[in-house]
Amino acid sequence: MAVANRLRPSTVVCCAGPPAFLDESLRYANVDPSFPTPGEACEWFKVKGYRGRIEGPLPGDRLDLASGELTKNRPMHDAFAWEHTAAYIDEYASRMQPHIAEVYRRANSLQVGDMNEAVTSHFTRMLALNPYFNQRIDMTMCLDIEGPEGGVWLVDFRGSGSVRRGTLDDDCQYRYRFHSRWLKRILVDHVPWEDFLLSLRFSAYRDPDIYNDHLLGLLKFNDAASLRVIEAYEKRETHESIVVATDEGSRYEIARYCPHAGAALDNAPIEGHILTCLNHHYRFDLDSGKCLDSNCSLRTKKLI
């Protein structure tokens, strides 16, 4: 809503989701309010009083960006509506059960030999990918692996980095708990960490409760060349600034671009002394520049 109110687009297109988790153990996620359907998102905008145009297209719909004309895929609209999502997923899940069973069969049959050696090798290689990312992560991650060949491993990104067996009593800031069958798919089948995390087949814990963007970036890309590009982007020097003001009349000179992903902050909303980037909703304290959601900081200077 904040983005739409600030940027005033000709059309807001609600097109993310809905999720379609078909495994019975994950079906709860299909109705999690964190994943609204485009239909639900459109209704939310209306309830909140948004007065602009809102569309929740179906596959095959075409929106002409020049004229604004929306051409609907009539067969699709005749066969499906967003309020039918639950029934559609039920039928879809039923059709896919043989494939889901095969995924479990494959995962349960994988052999890694020495699990400790495989985990140590996997994360030792990851620790060597990019020292800058390790410095920005600056914490210990715990893998709490359940099931056959399970155990607890600590991946310490501080200093020279290390991987070792541990216990749940050991100090850590992030903990991931999941079954050994899925860890074996990462180690043997080379399933990307991003794909695994998007599967929701894990539980997570963090203390302090602050998103560590560089940890997730390292897991997501897991590639030296990609990480070097991100490092170079984050280390670049930019002196472009803008001046923003709070409702109380305080004025600040700040970096024009968000330190996280480079979005322009010209239209970023400010509540009290907290500025929120419209791209990923990172919040920054204008007095200190500290990010309240991650481990980055905004260049800021109070003028009045």
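Condition check: outside the structural domain of ARG136 (by TED's automatic domain parsing), farther than 30 Å from MET126 by Cα and either hydrophobic (A, V, I, L, M, F, W, C) or at pLDDT below 95 (or both). Does LEU265 satisfy that? In short, yes.
Per-residue answers, yes or no, for (1) modelled with pLDDT under 95; (2) closer than 26 Å to LEU200 by Cβ; (3) touching a Pro at 6+ places or on another chain (Cβ under 7 Å); (4) among the β-branched types (Val, Ile, Thr):
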{"position": "VAL31", "(1), (2), (3), (4)": "yes, yes, no, yes"}
{"position": "PRO36", "(1), (2), (3), (4)": "yes, yes, no, no"}
{"position": "PRO59", "(1), (2), (3), (4)": "yes, yes, no, no"}
{"position": "LEU65", "(1), (2), (3), (4)": "yes, no, no, no"}
{"position": "PHE80", "(1), (2), (3), (4)": "yes, yes, no, no"}
{"position": "GLN97", "(1), (2), (3), (4)": "no, yes, no, no"}
{"position": "LEU110", "(1), (2), (3), (4)": "no, yes, no, no"}
{"position": "GLY113", "(1), (2), (3), (4)": "yes, no, no, no"}
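Residues that are more than 14 Å from VAL119 (Cβ to Cβ) number at least 1 in the following strands (runs of 3 or more DSSP E) confined to segment 145-185: 174-179.
The combined condition, being surrounded by 16 or more Cβ atoms within 10 Å (Cβ to Cβ) and assigned to a helix (DSSP H, G or I), is fulfilled by ARG136. Here THR120, THR85, THR71 are screened, and the one residue that is in contact with a strand residue (DSSP E or B) (Cβ under 6 Å, 6 or more places away or on another chain), farther than 30 Å from VAL152 by Cβ and either at pLDDT below 95 or among the β-branched types (Val, Ile, Thr) (or both) is THR71. Please specify each residue of segment 143-162 satisfying the condition of being without any contact (Cβ under 8 Å) to a residue 40 or more places away in the chain, buried (at least 19 other Cβ atoms within 10 Å of the Cβ) and touching a Phe, Trp or Tyr at 6+ places or on another chain (Cβ under 9 Å). Listed by number, the residues that qualify are ASP144, ILE145, TRP153, VAL155.
The conditions of being more than 19 Å from the chain's Cα centre (by Cα) and under 19 Å from ALA261 (Cβ atoms) are not met by ALA245. Restricting the search to helices (runs of 4 or more DSSP H) fully inside segment 32-118 and requiring at least 3 residues that are surrounded by 14 or more Cβ atoms within 10 Å (Cβ to Cβ) gives 38-47, 85-109. Of everything in segment 261-287 that is surrounded by 13 or more Cβ atoms within 10 Å (Cβ to Cβ) and among the small types (Gly, Ala, Ser), the residue that is nearest to ASP209 (Cα to Cα) is ALA261.
The single condition among (1) assigned to a helix (DSSP H, G or I); (2) crowded, with 17+ Cβ neighbours inside 10 Å that ARG228 does not meet is (2). Scanning segment 195-222 for residues that are surrounded by 14 or more Cβ atoms within 10 Å (Cβ to Cβ) and among the charged types (D, E, K, R) yields a total of 4.
PRO192 meets the conditions (1) closer than 30 Å to HIS122 by Cα; (2) surrounded by fewer than 12 Cβ atoms within 10 Å (Cβ to Cβ) in every case but one. The failed one is (2). Scan segment 260-274 for residues that are in a strand (DSSP E or B) and among the charged types (D, E, K, R) and jot them down. GLU271, the sole residue that qualifies. Please work out which residue is modelled with the lowest pLDDT, limiting yourself to segment 222-254 and to residues that are small (Gly, Ala, Ser) and under 30 Å from LEU129 (Cβ atoms). It comes out as ALA232.
The values are calculated or read from the model by the stated rules, or taken from the named source; none is laboratory data. The shown structure was predicted, so the numbers you read here are calculated from the model rather than taken from an experiment. Every residue, glycine among them, receives a Cβ derived from its backbone with ideal geometry; neighbour counts consider all protein chains shown.
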